[in-house]
Each structure stands twice: as structure tokens, then as C-alpha cells.
Amino acid sequence: MTQGGRFSELFEVIRDYAHRDYNYQDKALQVIVGSYVFMFEPEEMPDARPVVDHILSEYDYVFTTIERGNLDPLSVEAVVRVARYREEHMEWGLETLSKVLVGLHRRSRIEDTYTDYVKDVRVVLRGIEDIVAGSVLEEIVENAEPEKS
């Protein structure tokens, strides 16, 4: 993540949490989701893509809940929020959610007892839809803004 910007000290903590155990990583994703609320922030937020990538890659991109072992929707939401924050992050978000889909597919082939496969895929597909909708929304807003002289 870049130095400076909004909440830079908080993001140092998030980066540290990403390199710890599951509970810390879960908390890091929660904070990222809460921090990347709106893509038109006046002050630039630090780039959380490396942190999200680090956490998800440790789990073959399938970050699961402890209780049921299904895909944690928070992990998808973290990707969506970071991807929608800046236009140039959207392609990363789509690629990352594609990796989540591949991870889910692998898991479904390995674990015969993976009953939440279809539900988990739906969560990812909704995330992809959210990224695409965000891209369309951004384009609409940009086209509606009056030209500056």
C-alpha cells in the first residue's frame, strides 16, 4: 500500500494483520470493506489490492467462514469495494473474483461434501455484477459532470 493518504496509519495495521492468522485476516478484510465505502472520495485511500491479494492467495482465493466452511461473503465484498474505488482497480477486481470462482470450482472437485458450492458461486457472480455496475455508474457520473473551463 502507498504511504500517506487517508488513514495511512490504519492501513499499516491492516497490512500487519494480513500476515497473521485467520482471525486477524478476517478483521483486516472487515476494515477494508468499511473503509472503501465510496469511489469518489476527495482524498485518495491507500491501495489495498496487495493486502487483499495476500490474504486470498493464502486460501486459494476461497476465504471461508469458520462456522460453516462456506465462502465468506466479506472476502468478495472487500474485492468489490477496492475494485470500485478507482476505475483502474476494476480489472483487478474482475480478475480476482475469477480466481475465486476457479478456487471454488477446484474445491467442489476435491470435496464431495461441499454443499454450498452453488450459493458461493452466486455470491461471486453478484460481486462481479457490482463491479460492472460500478463501472457503468462511474461512466454516467463522469458524462453528467459539466465540463470545466
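Which one of these is hydroxyl-bearing (S, T, Y) and open to solvent by 10 Å² or more (accessible area, probe 1.4 Å): S75, S98? Working first, answer last.
Values: S75 fails: open to solvent by 10 Å² or more (accessible area, probe 1.4 Å).
Result of the check over S75, S98: S98.
Just for the stretch 107-123: of the residues that are under 13 Å from V76 (Cβ atoms) and open to solvent by 70 Å² or more (accessible area, probe 1.4 Å), which one is farthest from the chain's Cα centre (by Cα)?
Initial filter on the stretch 107-123 (under 13 Å from V76 (Cβ atoms)): 119-123.
Those still in the list that are open to solvent by 70 Å² or more (accessible area, probe 1.4 Å) too: 119, 122.
Working: K119: 18, R122: 15 Å.
It comes out as K119.
Does the stretch 29-49 hold any residues that are in contact with a Lys or Arg (Cβ under 8 Å, 6 or more places away or on another chain) and either of a type in the set (D, E, K, R) or at pLDDT 90 or above (or both), and which are they?
Within the stretch 29-49, I32, V33, E41, E43, E44 qualify.
Among the candidates R68, R81, which residue alone is of a type in the set (K, R), in a helix (DSSP H, G or I) and open to solvent by 40 Å² or more (accessible area, probe 1.4 Å)? Please lay out each step first, then the result.
Working: R68 fails: in a helix (DSSP H, G or I).
Criteria check complete, one pass: R81.
Checking the structure you have, find out if any residue of the stretch 34-43 is under 15 Å from T96 (Cβ atoms) and open to solvent by 10 Å² or more (accessible area, probe 1.4 Å).
Our first condition is that a residue be under 15 Å from T96 (Cβ atoms); within the stretch 34-43, this holds for 36.
Next, only the ones that are open to solvent by 10 Å² or more (accessible area, probe 1.4 Å) stay: none.
No, the stretch 34-43 contains no residue that is under 15 Å from T96 (Cβ atoms) and open to solvent by 10 Å² or more (accessible area, probe 1.4 Å).
Can you say whether E88 is at pLDDT below 90 and either open to solvent by 30 Å² or more (accessible area, probe 1.4 Å) or not in a helix (DSSP H, G or I) (or both), as far as the supplied structure shows?
Values: at pLDDT below 90: yes; either open to solvent by 30 Å² or more (accessible area, probe 1.4 Å) or not in a helix (DSSP H, G or I) (or both): yes.
Taking the combined requirement at face value, the residue satisfies it.
Does D60 satisfy the criteria of being assigned to a loop (DSSP other than H, G, I, E, B), acidic (D, E) and modelled with pLDDT of 95 or more?
On the way: assigned to a loop (DSSP other than H, G, I, E, B): yes; acidic (D, E): yes; modelled with pLDDT of 95 or more: yes.
Answer is yes for this residue.
The values are calculated or read from the model by the stated rules, or taken from the named source; none is laboratory data. Please read all numbers here as calculations on a predicted model, not as lab measurements. Virtual Cβ from ideal backbone geometry, glycine too; neighbours counted across all protein chains shown. Protein only, heavy atoms only, side chains kept; ligands, DNA and RNA dropped before computing areas. Shrake-Rupley method; radii C 1.70, N 1.55, O 1.52, S 1.80 Å.
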